[in-house]
Every structure is written in structure tokens, then in C-alpha cells.
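Inspection log for the structure reproduced underneath, given as C-alpha cells.
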Amino acid sequence: MSVRAYPAWSLRRERAQAIAIDREPAEVVTREWALGGATGDGVSVCILDSGIEAGHPLVGEVASAVAVSLEGEEIRVEEDREGDACGHGTACAGIVRAVAPGAALHSVRVLGAGSTGSGEVLLAGLRYAVEQGFDVVNMSLSTTRRRFVEVLHELADTAYFRRTAIVASAHNMPVESFPWRFSSVLSVGSHDLPDPLAWYANPEPPVEFFARGVDVDVAWLGGGSLRCTGNSFATPHLAAICALVLSKHRELAPFQLKSVLYQTAANVGGGQ
Amino acid sequence: MTQDGELRAAVAAGVLGSEQAHAALLQSIVEVARAIFGAQAASIFLLDEAADELVFEAVAGEGEGELVGRRFPSGTGVAGWVLVTRQPLALDDLGKDRRFARDAAESTGYVPKALMAVPLLHDERALGVLEVLDPPEGSPFGLEEMELLGLFAGQAAIALDLLQRARRAKTVLDGGDDALAAVARLTAALAGREDDAGLRLLAALEAVLTQK
């Protein structure tokens, strides 16, 4: 009988040492402990959006880029040579680059090819991102289609168990949308402070965190920039903050990452 | 005019009337939105799913009277962002980016300095986009304005949904060839008969179909 490196369903006492996690226990979780000196180096951040414009000065290198499309009934995932058709993904990528300059940016394009079939493409793109094992997936978008909810929920749970942190935009519309409402993802709304490294934990979920989302200068198509407001831009701020924390603490699973973000949030003492 | 023709005309008139009433409701929403935000313009776009295009349905202020009916691809521009991401957003300081100015001019005929846009969501569908252009000097669009626009969006989405229903009903009455059109024609034919044989046949059919 082969012996697994890690137990899957049970733990015998003599195996307990085998799952010791190599880390220094934090006496107090402070902002300094969480992300002091971090650049996001060694962490992969996927922008699940409209693509990323190659060579944009505010974005820099893009480690990989694929485009997801629906051809009849068939989903195709191919290398993306078109970049960004509408600018939204480039805007998100620029924010991550600014806050976590050492993180590797990956693009999965699920938007921009018109509005039809977007639910299937979104699911396929998220499935691809989870299979790739990216550390962080930025989702500045949501779907309102209930028929996708079950699969989306399963994908979010799979990501959670594979240590992929999905960071998703919340919205204040009178209609339910997903995946931001799932507890397995980190949901983000906006605060209006100009500090990219300020975040707040919401004591009244489902929106769990607030990050910078007002008057943000973001990368825009054609190498330019534009001043934007919206949860779409708060989300990559928190995604980048996740990348900073993970680059110092590789062992954190999404729920532990959430705990660290809670303990170091500005309204929870900022880790002081 | 035959009795059948009269019936169809009467029902069509009701549907047409409701389309006009819903269009007036949309117009009222953009006018109120423009007034509340003190904006230069406000507009509602409807998503034409078949053509995958956004269509101006109502405009208040700049472009009023010229833009209604104009179309552009649904995946482009700020309205396209908002539609596909289901996320409201605001943009400021647009004057400095020429590319944006060109995009905006192509889709709206007017180049704003700032704008807010919110998706119009009803049940599970994104029906269109509501935009508000250029607040007064020194009053940028912030979180409070975004929240307020979100409330307007709920109302606008209901109006847009009603407008679409009225149009679909009109298409059926105009003699579309789908199953619903056949039912509408059958109903009109039955109502036009002197005897009640057709109605008795329908009653029998209903009894069979609803039998448990």
C-alpha cells in the first residue's frame, strides 16, 4: 500500500508530523507582518476580463494570454493575439501592476466578443483559470443568469480548495448576481479614499471588503490612462493586496488570507 | 373592415398605445435623472440581442431628438463595458484622451468630460444601459451619485422590460409566423364567428389539456 505525502480523508497520529507547515507563527498579525516589503513576487494574478493590451506602459509584461470563445456548442481556449477590445481588462491589469509590481499577470479573455453567450464563456474562462492554478483570479464582473449559479458555485469551491483566491466585484443593483455572493470568494466594494493600500472589512456582508474604487487613474487603450470610479477598480486593488500577502505567506489558503485581511483592515486597527 | 380585422386593429391599437406610454416613461426617467444630477444629458440604451447592438431609446439634454434609434455594437464603448461586466462605473477627466473622445463621439454625437453608466438588469437579463453625462462644474460623480443612479436603474429596467413586451406583442399581431402568432390568429378567427362552435371546441380542448 502506498503512503500518500498528505492524508486526504483522515489523519493517523504518527503521520501528524508529516503535515507540519513550515512557517514562523505570527505573535501578532500586523500589516508589517502581512505585507511589509512585499512586491507580489512569485505570485500569479489572472485577470478574467476583456484581455490585456500588450505593451501598455502601465501594465508591462503579460506572462500569458488566452481568449475563450464559443463556436456553436464548443468552447475554445486559444492563445490571445488580439489583446483588449474594450479596455476594461487593461484597466484592471494596470491597477494590479501598480500595487503589486512583482506579480506575474495572466490574461483570460471572456469579454468583448459581444454580449451573447457570455455566461458559458465566463464559466469556461473561470474553469481554465482554476485548472491553471493561478494564485489570485480578479473578477471585475458578474453574471445574473441563475442557470449558471450551480456550476459557478462548484468552480468557486474548487478554486477555494486549490488555494486560488477569487476576488470578485460586488454590486448594489436590485438584482442578484454572482459569484461575488459566494462565501468561497472575496467580494469587494469601493471606498473613496485615495490610498491604494487602504482596505476595510465590512461587518455586514455579503460585501466583505472595501478597497479603493473612486477617481482611480487606470490604464486605457492605446497606452493612455483614464480616471474611473466603480467596484470594477476596487477589485484589482484587493486582488493586488492579496498578491502582496501571498508573496510573503505562500501557505495561506483563501480563508486564512481573508482572516489576515480582516485582522489588518483599516477599521480593525490596521494590524496595529 | 371585417370583424376579424376590427378585432386585430383594436388589440394592435392597445399594444401600440402601451408602447408609446412606455417610451414616454423612459423619456421621463432620463429627464428626471438629468435634472437630479444637474447633468448635461442622460440616455437609455436598449440591447437588441438579435443584432447584438445597443440602441438609443431615450435621450434628455444634449442629443435629444437626434439620437433615438441610433445603434452601435454592444461590446464597445463605456456602455459596452457596463453591459458585459454588469458593473456600474463613472469616468472623469475624459477630455485628455483623444481616443475616448472619438469613441464617444461615434456612439453619442457628443463628447462628455465625465459620465456615469449603470446596467439595466431585470430578472436575469441585462436589458440595456443608463448613462448620465457631465455633472455641474465642481460636483464630480462619486459613490453617493453611483448609489442614486443604481436606484434609477431599477425603475428604468422595469420600463424597458415593459416596452420590450409591448413590442413583442405587436410583432405577433403583425402576423409573425411563429407559434404564438398562430394562436393569436386563431383567437381572432374564433372571435369573428357568428356561432359558438369554435369556442365550444376550444373549451373541450382546454378540458382535455388541463385534465389531471
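The values are calculated or read from the model by the stated rules, or taken from the named source; none is laboratory data. Computed from a predicted model, the values in this text were never measured in an experiment. Methodologically, a virtual Cβ is constructed for each residue, glycine included, from the backbone with ideal geometry; neighbour enumeration extends over all protein chains shown.
Picking from A:ARG12, A:ARG76, which residue would you name as being touching a Ser or Thr at 6+ places or on another chain (Cβ under 6 Å) and free of Cβ contacts under 8 Å to residues at least 12 places away in the same chain?
A:ARG76
Of all residues in the range B:131-150 being among the hydrophobic types (A, V, I, L, M, F, W, C) and either part of a loop (DSSP other than H, G, I, E, B) or in contact with a Pro (Cβ under 8 Å, 6 or more places away or on another chain) (or both), which is surrounded by the fewest Cβ atoms within 10 Å (Cβ to Cβ)?
Only one residue fits best here, namely B:MET146.
Looking at the range B:59-72, I want the residues that are surrounded by fewer than 16 Cβ atoms within 10 Å (Cβ to Cβ) and have a partner that is in a strand (DSSP E or B) and of a type in the set (Asp, Glu) with Cβ atoms under 7 Å, at least 6 apart or on another chain. Which pairs are those?
So the pair list comes out as B:ARG71/B:GLU53.
Hey, can you tell me all the residues within the range A:183-205 that are of a type in the set (Gly, Ala, Ser) and part of a loop (DSSP other than H, G, I, E, B)?
A:SER183, A:SER184, A:ALA198, listed by residue number.
How do the pairs read when you match residues in the range B:98-125 that are farther than 22 Å from B:GLY150 by Cβ with residues anywhere that are part of a helix (DSSP H, G or I) and modelled with pLDDT under 65, using Cβ under 7 Å and keeping only pairs 6 or more apart or on different chains?
Note: pairs meeting the criteria are B:VAL111/B:ALA101; B:VAL111/B:ALA104; B:VAL111/B:ALA105.
Of the numbered conditions (1) under 17 Å from the mean Cα position of the chain (by Cα); (2) at pLDDT below 90; (3) surrounded by 15 or more Cβ atoms within 10 Å (Cβ to Cβ), B:ALA153 satisfies every one except a single condition; which is it?
(2)
State the number of residues belonging to the range B:21-51 that are within 21 Å of B:GLY80 (Cβ to Cβ), charged (D, E, K, R) and in a helix (DSSP H, G or I).
Counting residues in the range B:21-51 that are within 21 Å of B:GLY80 (Cβ to Cβ), charged (D, E, K, R) and in a helix (DSSP H, G or I) gives 0.
Output the residue which, of all residues in the range A:177-200 that are over 21 Å from A:ALA243 (Cα atoms) and within 9 Å of chain B (Cβ to nearest Cβ), is farthest from the chain's Cα centre (by Cα).
Here the residue is A:ASP192.
Being aliphatic (A, V, I, L, M) and either more than 10 Å from every other protein chain (Cβ to nearest Cβ) or more than 17 Å from A:GLY213 (Cβ to Cβ) (or both) is the filter here, so list the residues in the range A:165-176 that pass it.
Selection gives A:ALA165, A:ILE166, A:VAL167, A:ALA168, A:VAL175.
Any residue in the range B:40-57 that is polar (S, T, N, Q) and surrounded by 23 or more Cβ atoms within 10 Å (Cβ to Cβ)?
Yes, the range B:40-57 contains at least one residue that is polar (S, T, N, Q) and surrounded by 23 or more Cβ atoms within 10 Å (Cβ to Cβ).
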